[in-house]
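Visitor: Take this structure, written in structure tokens, and hold onto it; I'll ask about it next.
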Amino acid sequence: METPSMRFARISVAILLLSSFAAAQFIDINTQAKGSRLPSWATDSGSANAYVLTTVSEIGSGGVLQTGSCFQFLPATSNTSASTANVDSTGVISIKKNISSALVAGDISGGTPGKLTEICYDGTNFQLVGNGAFGNNTVGCSQMPALTGDATSSAGSCATTLASVVTAGTCGDTTHSCGLTYDAKGRITAATNNAISGTGASGGDFSEIETHTANNTSTELDFTTCLSNSFDSYFIRIGSLTPATNSVAIRIQWSTNGGSTYDTAGNYAWSKGYNSAELSDQGNTRTTGDSGWVIGGTDVSNSTTYPGLNGYFYLFGINSSTQYKTGVYAVSYTNVTPATYDIHGAAVYKATPAVVNAFRLISSSGNLKTGTVSCYGIKN
């Protein structure tokens, strides 16, 4: 049986516990030691960039905001620029991040609900401790080391751009190799196109310089970069060249102005010996006063059953301003019979001697349909 003394003791303990609990609910945060307390919960009734907080246990009229005081709240709105907070009417105080940087748009994420946000008073400003699970404390440009030399920085966004050390472009093609220059950091600082066969070719060099492929869009294939004083003679290889029109002549014509115009006057002469692989037909012939050097015959077939015009030309005296241009050739072709012929011969260009710097292969009628022609330089 509970005695009067036991009942008194039980009631005294209960009263003591209730008193302690009540005291815990009404702690005056003005008297708390610096940095000794957990963050106080607050509600936000302000607007974007100007947050007005009211804590559960208010500081009260005339209270002083203590250094080290921290407050957590769910912001009603997101900030759009530098922001402030006013806690329990103690005054408007700037919110900073990274010690002294003003907030930028999105550092505080508001809404319904906003992200859990914590600010702490450092004696002068509120410091944004976090906004959300991991916070949004991006490093401000003013907090970053200067970016010099290899990169530049844009104020605000801190976007970095590699310094330009060479003009953008392409390097190398079918007639040039690409020469690259690097700095000590492995960056390309210069790029140059080097002719695969150009000035400085040594004796015995045999280099492909220019190639064109017929595609039934033009009557001619123009060679405007092959000829130069870098080589002594030239080799023209003709592979499966077929006209779109039946029974035509394919001629070589010369230019002294880089291909702007070609000589079509009667300054060409050629001779040939021929032999048919299928007919008892052989012999030789020559022509003077022609409008070009005829390659093969004047009746080249457009049949795709046969491999077209195939062979080569050797060209001499191209770089001379005092000599006529000459050539020797060997080709095979199929005529309209059809019959395949083996042709070998010589040719001369007897215009007033001058340096020629371009040539073309041209059909007497219709386009060149298929086939490839390449020009090679030969250094003695």
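Visitor: Has segment 296-303 got any residue that is surrounded by fewer than 15 Cβ atoms within 10 Å (Cβ to Cβ), closer than 30 Å to P353 by Cβ and in contact (Cβ under 8 Å) with a residue 60 or more places away in the chain?
Guide: Within segment 296-303, one or more residues are surrounded by fewer than 15 Cβ atoms within 10 Å (Cβ to Cβ), closer than 30 Å to P353 by Cβ and in contact (Cβ under 8 Å) with a residue 60 or more places away in the chain.
Matching residues to (1) under 13 Å from V348 (Cα atoms); (2) in contact (Cβ under 8 Å) with a residue 60 or more places away in the chain; (3) basic (K, R):
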| position | (1), (2), (3) |
| --- | --- |
| V248 | no, yes, no |
| T256 | no, yes, no |
| S260 | no, no, no |
| K272 | yes, yes, yes |
| A277 | no, yes, no |
| V294 | yes, no, no |
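Visitor: If I filter segment 349-377 down to residues being closer than 18 Å to D232 by Cβ and surrounded by fewer than 18 Cβ atoms within 10 Å (Cβ to Cβ), which single residue comes out as farthest from the chain's Cα centre (by Cα)?
Guide: P353
Visitor: Just to be sure, is I196 of a type outside the set (S, T, N, Q) and at pLDDT 95 or above?
Guide: The answer is no for I196.
Visitor: Looking only at residues in segment 248-270 that are of a type in the set (A, V, I, L, M, F, W, C) and assigned to a strand (DSSP E or B), which one is surrounded by the most Cβ atoms within 10 Å (Cβ to Cβ)?
Guide: The qualifying residue surrounded by the most Cβ atoms within 10 Å (Cβ to Cβ) is I250.
Visitor: Still on this structure, I have one more. Only one of D263, D183, D232, D281 is within 18 Å of G377 (Cα to Cα) and not basic (K, R); which?
Guide: D232
Visitor: Mind checking which residues of segment 334-348 are in contact with a Lys or Arg (Cβ under 6 Å, 6 or more places away or on another chain) and surrounded by fewer than 16 Cβ atoms within 10 Å (Cβ to Cβ)?
Guide: none
Visitor: Now for a different question. For S230, work out the one condition from (1) surrounded by fewer than 16 Cβ atoms within 10 Å (Cβ to Cβ); (2) modelled with pLDDT under 95 it doesn't fulfil.
Guide: Single failed check for S230: (1).
Visitor: Something else: For segment 200-213: of the residues being within 11 Å of K379 (Cβ to Cβ) and of a type in the set (S, T, Y), which is modelled with the highest pLDDT?
Guide: S207
Yes/no per residue for (1) basic (K, R); (2) part of a loop (DSSP other than H, G, I, E, B); (3) in contact with a helix residue (DSSP H, G or I) (Cβ under 7 Å, 6 or more places away or on another chain); (4) at pLDDT below 90:
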position: P75; (1), (2), (3), (4): no, yes, no, no
position: T80; (1), (2), (3), (4): no, yes, no, no
position: K96; (1), (2), (3), (4): yes, no, no, no
position: A105; (1), (2), (3), (4): no, yes, no, yes
position: T112; (1), (2), (3), (4): no, yes, no, yes
position: K115; (1), (2), (3), (4): yes, yes, no, yes
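Visitor: What is the number of the single condition among (1) assigned to a strand (DSSP E or B); (2) surrounded by 15 or more Cβ atoms within 10 Å (Cβ to Cβ) that T181 does not meet?
Guide: T181 satisfies all of (1) assigned to a strand (DSSP E or B); (2) surrounded by 15 or more Cβ atoms within 10 Å (Cβ to Cβ) except (2).
The values are calculated or read from the model by the stated rules, or taken from the named source; none is laboratory data. Computed from a predicted model, the values in this text were never measured in an experiment. Using ideal geometry, Cβ is built from the backbone for each residue, glycine included, and neighbour counts are taken over all protein chains shown.
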